Amino acid sequence: MYEASGIEACKEFVMTHLTGIEGTAAGLPMQDYLAYFFALEQTGNEEYRQKIESAVNSKEWTVDLMPFVTAYETKYKRKEHYNQITAMFRNKESFTGTDLIALIETINQMSEEIYEYYRELKDLFKVIVKEKIKNLTDSSEILEIGYSVLKACNIDVLQKEKYSNFGESAWQTIAGNDNKMGNGLEDMIRAQYTILKKQEV
């Protein structure tokens, strides 16, 4: 939302959340680890770089962790493990909506300079999305699929003219809901919808 709107309250929400969760038994959910990069960029505090290093070295590499790992590889490791990251998705037999989010977020963190792997994941995403949207209106994963499609349109993985309406259909299911920050996937959809509309102006 901060990227989409520039509203300082969105940044403060993330920073407050990171501070508040430190030391709790649950810790930061794996899918939120990218927030450490955001915090490091906003503050320059090397404590966040240490948290990034610790998470990369201590966590098992799973599909959910791949956006975070890819960001780390892109920023700090000269993309050394792109082949392993790509293989994790290539070898999956089926994809849930959550897996699809992990895939588009991984693509978003991957440098196009290593085009072989970037193109492979991009093509894989397109194949999965085409199958998923066949029954989008009846899917229990409409929010996950819709978010992934909106994100893909915004980063030029999918053609806006052809696919944005599928993403907008997911946005329409939450458009009337409470806009208070902290609603997870709904916040993510609103952000990508906002970015999409700004690009159309």
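See the values below:
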item	result
Positions within the range 54-75 being assigned to a helix (DSSP H, G or I), polar (S, T, N, Q) and without any contact (Cβ under 8 Å) to a residue 40 or more places away in the chain, in sequence order	SER54, ASN57, SER58, THR74
Single residue of GLU168, GLU120 found to be under 18 Å from ALA4 (Cβ atoms) and either crowded, with 19+ Cβ neighbours inside 10 Å or free of Cβ contacts under 8 Å to residues at least 40 places away in the same chain (or both)	GLU168
Those residues of the range 111-138 which are closer than 13 Å to PHE166 by Cα and hydrophobic (A, V, I, L, M, F, W, C), in sequence order	VAL129, ILE133, LEU136
Residue identified as assigned to a loop (DSSP other than H, G, I, E, B), surrounded by 13 or more Cβ atoms within 10 Å (Cβ to Cβ), touching a residue at least 12 places away in the same chain (Cβ under 8 Å) and not aliphatic (A, V, I, L, M) among LYS51, LYS79, LYS11	LYS79
Residue selected from the range 28-48 under the condition closer than 23 Å to ILE101 by Cα and of a type in the set (Phe, Trp, Tyr), by the criterion surrounded by the most Cβ atoms within 10 Å (Cβ to Cβ)	TYR36
Lone qualifier among LYS197, LYS151 - being farther than 23 Å from PHE95 by Cβ and either buried (at least 21 other Cβ atoms within 10 Å of the Cβ) or under 20 Å from the mean Cα position of the chain (by Cα) (or both)	LYS197
Residues of the range 82-99 that turn out to be charged (D, E, K, R) and without any contact (Cβ under 8 Å) to a residue 24 or more places away in the chain, as a count	1
Residue match in the range 100-108 (condition: among the charged types (D, E, K, R), in contact with a Lys or Arg (Cβ under 9 Å, 6 or more places away or on another chain) and either surrounded by fewer than 16 Cβ atoms within 10 Å (Cβ to Cβ) or in contact (Cβ under 8 Å) with a residue 24 or more places away in the chain (or both))	yes
Lone unmet requirement of (1) without any contact (Cβ under 8 Å) to a residue 12 or more places away in the chain; (2) over 20 Å from GLN109 (Cβ atoms) for GLU41	(2)
Scope the range 154-165; condition part of a helix (DSSP H, G or I) and either buried (at least 22 other Cβ atoms within 10 Å of the Cβ) or among the small types (Gly, Ala, Ser) (or both); matching residues	ASN154, SER164
Identity of the residue in the range 95-139, assigned to a loop (DSSP other than H, G, I, E, B) and farther than 14 Å from ASP64 by Cα, that ends up modelled with the lowest pLDDT	SER139
Test: residue in the range 26-40 that is closer than 21 Å to SER148 by Cα, at pLDDT below 90 and in contact with a Ser or Thr (Cβ under 9 Å, 6 or more places away or on another chain)	yes
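The values are calculated or read from the model by the stated rules, or taken from the named source; none is laboratory data. Nothing here was measured: the structure is a model prediction, and the numbers come from that model. FYI the Cβ positions are ideal-geometry reconstructions off the backbone, even for glycines, and counts take in every protein chain you see.
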